[in-house]
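Accompanying notes for the structure given below.
The values are calculated or read from the model by the stated rules, or taken from the named source; none is laboratory data. Given the structure is predicted, the values throughout are model-derived calculations rather than measurements. Counting neighbours? That spans all protein chains shown, and the Cβs are built from the backbone with ideal geometry, glycine included.
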Amino acid sequence: MVDETAFRHTREDINRLPCVFERALLARHAACELALSHQIAERESIACTQPAAHQACSRMSQLLREKSSFALHLTATQRILPHAMMMKIQCGGLDGLKALLDADAAAPQVDRLLRLAQERYGDLDALPFSEIVQGVAAWKARRRHQGAPR
C-alpha cells in the first residue's frame, strides 16, 4: 500500500506543471500534443510541457466551471467538486469546444482547440459559452459494465 502523503509529495516533485485537463486525458476522452505522461507508484500522472499553454488551459478550465455552474445546478460557494462533476465539466466542455471549433476531429485535441479558440475569438472570454455549455450538459459518463448475473 502506498502512503498517500508520500505519493502526493513525489507527484509534486516529478510533475511540476500538472495538466489542467488531466482527468479527461486519463479517461482517454481527449488528447493533447503537449501532454507528458508519468508513471508513479502504479498510477499515471500527466504534465504539461508548455507553461503558456498551461496558463491558457487553466483559464479555459476556470471559464468552463464558471459558465457551466447554472447548467449543473452548482452554487457559487462550492469550491471542491466531486470527480463525476469535474469529468462532466472537462469532457463535456472539451466536447462543446470541439463541436464549435473542430467538429470533424475524432476526439478533442486540447492544445489545438485552445489555439483555434484564440485565433478565431481573440480571447477565451469572448467564446460563445452558451453553445459550449451544451456539451457539458449533454455529456454522460460511460456506464460501468455489470458482470453476468449470478
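The criterion of being surrounded by 18 or more Cβ atoms within 10 Å (Cβ to Cβ), assigned to a helix (DSSP H, G or I), at pLDDT 95 or above and at negative phi does not hold for residue 125.
Residues in the stretch 77-89 that are in a helix (DSSP H, G or I) and of a type outside the set (Val, Ile, Thr): 83, 84, 85, 86, 87, 88.
If you go through the stretch 65-76 and pick out every residue that is assigned to a helix (DSSP H, G or I) and either without any contact (Cβ under 8 Å) to a residue 12 or more places away in the chain or closer than 18 Å to residue 107 by Cα (or both), you end up with 1. Within the stretch 48-85, the set of residues being at pLDDT below 90 and small (Gly, Ala, Ser) comprises 69, 71, 76. Among residues of the stretch 28-41 that are touching a residue at least 60 places away in the same chain (Cβ under 8 Å) and surrounded by 13 or more Cβ atoms within 10 Å (Cβ to Cβ), those with a Cβ under 6 angstrom from a residue that is assigned to a strand (DSSP E or B) and among the polar types (S, T, N, Q), sequence gap 6+ or separate chain, pair up as 31/109.
Taken over the stretch 20-58, the criterion of being β-branched (Val, Ile, Thr) and assigned to a strand (DSSP E or B) is satisfied by 40, 46. Please work out if residue 58 is among the polar types (S, T, N, Q), buried (at least 20 other Cβ atoms within 10 Å of the Cβ), closer than 18 Å to residue 21 by Cα and within 17 Å of the chain's Cα centre (by Cα). Considered against the rule, which asks whether it is among the polar types (S, T, N, Q), buried (at least 20 other Cβ atoms within 10 Å of the Cβ), closer than 18 Å to residue 21 by Cα and within 17 Å of the chain's Cα centre (by Cα), residue 58 comes out as no.
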